[in-house]
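S.K.: Have a look at the structure that comes next, please.
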Amino acid sequence: KRKPMIGLQPEGDVDWSEYRGVLVVVEQRAGVAKPVSWQLIGEAKRLAEKLAAPVSALVMGANVSSLAQEAIYYGADVVYVCDAPELEHYRTRPYSRVCLHVIRQFKPEIVLMGATNTGRDLAGAIATHLPTGLTADSTELDVDEDRLLLASRPAFSEKMLATILCKQFKPQMATARAGVFAPNPRDTSRTGEVVVVAPQMNPDEIATEVIEFLEEQKKVNLQDAEVIVAGGRGLGSPAAFELLRELADALGGVVGASRAVVDMGWISHDHQVGQTGVTVRPKLYIAVGISGAVQHVVGMQNSTWIVAINKDPDAPIFKIAHYGLVGDLFQLVPALTKAVKSR
Ligand code: FAD
């Protein structure tokens, strides 16, 4: 029994012992789940093992029932599904009402969601209503002997890692960065329970309407990419990114970058991989003319396969690369592109 802080909850002792298990809110768009959802189910599984408790997932949207099965394949024991036409597009109120209903009824002790634009909006709205604490943008998660969530996140311009503990309330909530945690392998032999949940608002009560999505043309989606060809200062000029684009196109991938080239204005910041950029986990990461500074490596070291192209055989990037090509990128990259295209 813990005494809640005055002002945030009714005074008096609150019994939190009914709260059990870890709930992951699955994020999807047009029926396709964001990879961070499966990564968080993987991490939830590790936390739940320590707590000897189940992992649940919440799927919301329109025509999303098949994602319930996917959530089970990735490690969920129970999946709550709210499938309704009015949930086709994300809007804070109808989505947060469903989340609040599931949390209040099924009482998970920990709730996790991706630190995406949607996750940040939804988690904040829910935490305020419950009310409970929320650690945003976590990069490490653990639980202590009191079953409390230890959520760590970079702080003070990424100079230190702060571990944040919410002592008073349940559920314990955190959003976590995409690409940081590993998903469990998709196991189609897993079985689990699916619980259907009704929408918690009438469609005519929903005050906002999504009329159209306008994609920002310039933005690159590094987090969902399976192949990234990233360039660094070794390219020598912004024009050399064209070589990387050709290779990325041939491989069905996208172009990433080190901070050095972003700072020099050779490419926009949304391409930056690393501590102050995006954390990625593609199947293939090709680092071209990138030395391998620790701030870059933390953002891409979990890639399945890392290929480094660098003229310096002692470049630190070779320490984490699975394959290394020592030589001039202006010869190696076009040769690689030609080889890929001829396959
Ligand atoms: P360099 O270190 O200059 O490396 C260039 C490489 O290109 C060299 O290894 C060289 O051998 C090779 N090369 C040169 N010519 C050729 C050629 N013709 N063919 C083949 N190879 C060639 N960095 C990030 O990337 N992401 C971050 O998020 C990030 N955050 C940071 C946060 C903080 C607080 C700080 C202090 C730094 C951060 N940095 C970050 C910067 C980081 O420390 C490095 O300065 C940066 O990653 C270096 O970029 P680079 O590898 O492109 O350049």
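The values are calculated or read from the model by the stated rules, or taken from the named source; none is laboratory data. Bear in mind that the values here come from a model prediction, so they are computed numbers and not experimental data. Please note: Cβ atoms are built from the backbone with ideal geometry, for glycine as well, and neighbour counts cover all protein chains shown. Surface areas here come from the heavy atoms of the whole protein model, side chains and all, with no ligands, DNA or RNA. Shrake-Rupley method; radii C 1.70, N 1.55, O 1.52, S 1.80 Å.
S.K.: Scanning for something more than 26 Å from residue 144 (Cβ to Cβ), of a type in the set (S, T, N, Q) and open to solvent by 60 Å² or more (accessible area, probe 1.4 Å), does segment 101-110 turn up at least one residue?
M.R.: Taking segment 101-110 as the starting set, the residues that turn out to be more than 26 Å from residue 144 (Cβ to Cβ) are 101, 105.
From what's left, of a type in the set (S, T, N, Q): 105.
From the residues that got through so far, the ones that are open to solvent by 60 Å² or more (accessible area, probe 1.4 Å) too are 105.
Yes - at least one qualifying residue is present in segment 101-110.
S.K.: Also, quick follow-up: Taking only segment 135-169 into account, find how many residues are within 16 Å of the ligand (Cβ to nearest atom) and either open to solvent by 80 Å² or more (accessible area, probe 1.4 Å) or not in a loop (DSSP other than H, G, I, E, B) (or both).
M.R.: Taking segment 135-169 and keeping what is within 16 Å of the ligand (Cβ to nearest atom), we get 137, 139, 153-162.
Next, from what is left, pick out any that are either open to solvent by 80 Å² or more (accessible area, probe 1.4 Å) or not in a loop (DSSP other than H, G, I, E, B) (or both): 137, 153-157, 159-162.
Residues that pass the stated criteria total 10.
S.K.: Restricting to segment 310-325, and then to whatever is in contact (Cβ under 8 Å) with a residue 24 or more places away in the chain and near the ligand (Cβ under 9 Å from one of its atoms), can you tell me which residue is nearest to residue 297 (Cα to Cα)?
M.R.: 317
S.K.: What number of residues within segment 298-309 are open to solvent by 20 Å² or more (accessible area, probe 1.4 Å) and either more than 9 Å from the ligand (Cβ to nearest atom) or more than 27 Å from residue 182 (Cβ to Cβ) (or both)?
M.R.: Looking only at segment 298-309, we keep the residues that are open to solvent by 20 Å² or more (accessible area, probe 1.4 Å), and these are 298, 301-302, 304-305, 307.
Within this subset, residues satisfying the condition of being either more than 9 Å from the ligand (Cβ to nearest atom) or more than 27 Å from residue 182 (Cβ to Cβ) (or both) are 301-302, 304-305, 307.
Number of matching residues: 5.
S.K.: How many residues, within segment 179-222, are more than 30 Å from residue 303 (Cβ to Cβ), of a type in the set (Asp, Glu) and open to solvent by 100 Å² or more (accessible area, probe 1.4 Å)? Give the steps one after another, and end with the answer.
M.R.: Filtering segment 179-222 down to residues more than 30 Å from residue 303 (Cβ to Cβ) leaves 191, 193-212, 214.
Adding the requirement that they be of a type in the set (Asp, Glu) leaves 193, 204-205, 209, 212.
Filter again for open to solvent by 100 Å² or more (accessible area, probe 1.4 Å), leaving 193, 204, 209, 212.
Final tally of qualifying residues: 4.
S.K.: Among the residues of segment 209-221, is there at least one that is touching a Gly at 6+ places or on another chain (Cβ under 9 Å) and among the aliphatic types (A, V, I, L, M)?
M.R.: Going through segment 209-221, the residues touching a Gly at 6+ places or on another chain (Cβ under 9 Å) turn out to be 220.
Now narrow it down to the ones that are among the aliphatic types (A, V, I, L, M): 220.
Scanning segment 209-221, I find at least one residue that is touching a Gly at 6+ places or on another chain (Cβ under 9 Å) and among the aliphatic types (A, V, I, L, M), so the answer is yes.
S.K.: Six or more apart or on different chains, Cβ atoms under 6 Å: show the pairs whose first residue is in segment 139-166 and closer than 23 Å to residue 53 by Cα and whose second is within 16 Å of the ligand (Cβ to nearest atom).
M.R.: Sorted first by the residue in segment 139-166, then by its partner, the pairs are 139/153; 139/177; 139/180; 152/161.
S.K.: Looking for whichever is open to solvent by 40 Å² or more (accessible area, probe 1.4 Å) and within 9 Å of the ligand (Cβ to nearest atom) here; the options are 293, 335, 239. Which one fits?
M.R.: Result of the check over 293, 335, 239: 293.
S.K.: Right, next: So, of the residues in segment 2-46 that are among the hydroxyl-bearing types (Ser, Thr, Tyr) and not in a helix (DSSP H, G or I), which turns out to be modelled with the lowest pLDDT?
M.R.: 17
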